[in-house]
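The structure under discussion appears below in the form of structure tokens.
Values quoted throughout were computed directly from the atomic coordinates according to the rules given, and no laboratory measurement underlies them. All of these numbers come straight from a predicted model, not from anything done at the bench. We place every Cβ from the backbone using ideal geometry, glycine too, and count neighbours over all the protein chains shown.
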Amino acid sequence: MEITPEVLSSFGIGKVFKESTDRINSLDFHRTHDLLVTGGDDDAIRLYDTETGTALQALLSKKYGVKSVCFTHDPSSVIYSSNKGADYALRYHDLHSNRYVRYFRGHGAKVTTLCMSPKSDNFLSAAEDKQVRLWDLRQPHCQAMLQTPGLPTVAYDEQGLVFCVGAESGVVKLYDARNYGQGPFAAFTVADEKNGAAVFAVLRFSLDGKYLLAVVEGRIYVMDAFEGTVERKVHSNIPEGGTALEACLTADGKYVLSGCADRAVRAWSVADGSVVSEWKGHAGVPTCLKWSPRKMLVASACQALALWIPAV
């Protein structure tokens with residue numbers, strides 16, 4: 001189905017899940033299975049079947065909390081960071097047997113971003129200690145470490161060939177995932193953020209690798225992924241200094257979606273910046289949002305999880 005303004009305007013809530021007792025802080029679709037996982041401030045990891053719209057499993061991580069949850073390639077395993085106390089280890093969790101497969105220790109402050117490679121067992125973490133670390137699921141020790149001048153954010157491209165690191169003052173650096181030891185092969189600065197202290201909350205490549213999406217507070221940038229040219233800038237109405245909301249591109253890269261301060265989810269055209277659709281239904285501000293890599297399906301979450309599907 002072609003993604004058009006008419007199709008986006010037809011999206012409505014197909015299912016709502018209200019099991020969470022606190023804010024959902026992260027969610028992730030599996031790349032090859034009809035599964036969705038969420039992590040919440042209620043210390044719960046919840047697994048959903050997106051084909052049938054059913055909740056499958058709920059596990060608690062009361063001691064460590066859970067944040068930045070994401071799937072490994074195995075549909076029954078996830079990695080996530082802690083959001084409790086001074087335990088900054090990352091956890092590789094087998095959901096089927098409810099056991100920890102491995103811990104990854106090395107960060108000296110809270111981990112804010114996790115990103116799994118689409119093609120290998122490698123994953124990236126970024127933390128408040130201003131470090132980016134590269135890991136292998138099969139090894140407990142860090143494979144490589146990059147020191148950044150500010151709070152970093154990381155992302156892999158959809159082919160697993162390139163990863164980017166964004167830090168303060170709007171600087172983005174691109175690395176060859178197979179030859180990262182040679183340093184970045186490209187770097188650019190988002191001009192509007194050059195003199196600011198705000199940091200990237202979200203970095204995400206489009207499915208075709210053409211665009212790089214960046215979120216800084218309430219400002220959302222769609223950039224050429226290799227030249228850094230800003231193709232479009234839109235706003236989610238989050239006030240300056242406010243908590244940034246997650247944003248995503250549609251599968252064709254033509255539209256950008258984000259939760260907004262007024263609790264709506266909006267879709268903007270990358271071509272001209274116009275609002276082409278507005279979805280309402282959340283009782284709170286939807287801080288998490290992703291477009292499914294497999295279906296015409298969007299997940300957004302405040303304390304409740306909503307699955308949006310088109311009516312046409």
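Which order do the peptides 242-254, 86-98 take when ranked by the mean count of other beta-carbon atoms within 10 Å per residue, highest first? Write down the numbers at each step before the final one.
On the way: 242-254: 19.2, 86-98: 16.2.
In decreasing order of mean packing, 242-254, 86-98 become 242-254, 86-98.
Could you list the square roots of 5 times each eigenvalue of the Cα gyration tensor of the stretch 5-309, that is, the equivalent ellipsoid semi-axes, sorted largest first and rounded to whole Å? Please report the intermediate quantities before stating the final value.
Working: eigenvalues 133, 127, 61 Å².
Semi-axes, largest first: 26, 25, 17 Å.
Report the one residue of 162, 276, 24 whose Cα lies farthest in the direction of the positive end of the charge dipole of the stretch 5-309 (charges on C-beta: Lys and Arg +1, Asp and Glu -1; origin at the Cα centre).
Projecting each Cα onto the dipole axis, the largest value belongs to 24.
Pull out the extension gain between residue 243 and residue 261, defined as 0.36 nm times the separation in residues minus the alpha carbon to alpha carbon distance; nm, one decimal. Intermediate values should be presented prior to the final figure.
Working: separation 18, 0.36 × 18 = 6.48 nm, distance 0.99 nm.
Difference between extended and current length: 5.5 nm.
Where the only charges are on Cβ atoms (+1 Lys, Arg; -1 Asp, Glu), what is the dipole of the stretch 5-309 about its Cα centre, to the nearest 20 debye? Each step should come with its number before you reach the end.
Values: 33 positive and 34 negative charges, 125 e Å.
That gives the stretch 5-309 a dipole magnitude of about 600 debye.
Quote the FRET efficiency, to the nearest 0.05, computed for residue 121 versus residue 49 with a Förster distance R0 of 22 Å and r equal to the Cβ-Cβ distance. If you can, show how the numbers build up before the last one.
Working: r = 25 Å, r/R0 = 1.14.
Rounded to the nearest 0.05, the efficiency is 0.30.
Using a Förster radius of 41 Å, what is the FRET efficiency between residue 4 and residue 128 based on their Cβ-Cβ separation? Nearest 0.05, please.
Values: r = 41 Å, r/R0 = 1.01.
Step by step, r from the Cβ atoms, then E = 0.50.
If you take every residue apart from residue 235 with its C-beta less than 13 Å away from the C-beta of residue 235, what net charge results, scoring Lys and Arg +1 and Asp and Glu -1?
Values: positive: 219, 232, 233, 266; negative: 192, 217, 240, 262.
Computed value for this residue: 0.
Rank these for me by crowding, 308, 291, 135, going from fewest to most other beta carbons within 10 Å.
Numbers: 308 22, 291 19, 135 25.
With the sparsest Cβ surroundings first, the list reads 291, 308, 135.
Between residue 227 and residue 178, what length comes free when the chain is fully extended (0.36 nm per residue of separation minus the Cα-Cα distance, one decimal in nm)? Spell out each step's value before the answer.
On the way: separation 49, 0.36 × 49 = 17.64 nm, distance 2.05 nm.
Stretched fully, the residue 227-residue 178 segment lengthens by 15.6 nm.
Could you tell me how far the Cα centroid of the stretch 218-245 sits from the Cα centroid of the stretch 89-113, in Å?
With the stretch 89-113 and the stretch 218-245 each reduced to a Cα centre, they are spaced 30 Å.
Residue 280: which aspartates and glutamates have alpha carbons under 18 Å from its alpha carbon, excluding same-chain residues fewer than 8 sequence positions away?
Partners found: 6, 246, 262.
Please compute the modelled spin-label separation between residue 195 and residue 136, points set 7 Å along Cα→Cβ, answer in nm with one decimal.
4.7 nm
What is the packing order of peptides 222-229, 158-165, 191-198, taking the mean over residues of other C-beta atoms within 10 Å and listing the highest first?
On the way: 222-229: 16.6, 158-165: 19.5, 191-198: 13.4.
Going by the mean number of other Cβ atoms within 10 Å, highest first, we get 158-165, 222-229, 191-198.
Among rounded, prolate and oblate, which fits the stretch 236-312 when a ≥ b ≥ c are the square roots of the eigenvalues of its C-alpha gyration tensor, a/c under 1.5 means rounded, and a/b larger than b/c means prolate?
Oblate shape, in that a/c is at least 1.5 and b/c is the bigger or equal ratio.
Using helices alone, I'd like the mean residue ellipticity at 222 nm for the chain: each DSSP H run of four-plus residues gives -39500 (n - 2.57), total over residue count, nearest 500. Mind showing how you got there, number by number?
On the way: 1 runs with 5 residues, N = 312.
After summing the helix terms and dividing by the residues of the chain, the value is -500 deg cm²/dmol.
Counting pairs of alpha carbon atoms under 8 Å apart in space and at least six apart in sequence, what relative contact order in percent does the stretch 5-309 give?
The value is 13 percent.
Can you order the peptides 262-269, 122-129 by their average number of other Cβ atoms within 10 Å per residue, highest first? Let's see the in-between values first.
Numbers: 262-269: 19.4, 122-129: 22.0.
The most tightly packed comes first, giving 122-129, 262-269.
What's the extension gain from residue 102 to residue 21 if we count 0.36 nm per residue and subtract their Cα-Cα distance?
Working: separation 81, 0.36 × 81 = 29.16 nm, distance 2.79 nm.
26.4 nm is the gain from fully extending residue 102 to residue 21.
Check cross-link reach from residue 63 to the lysines: straight Cα distance under 16 Å, and skip same-chain residues fewer than eight apart.
84, 110
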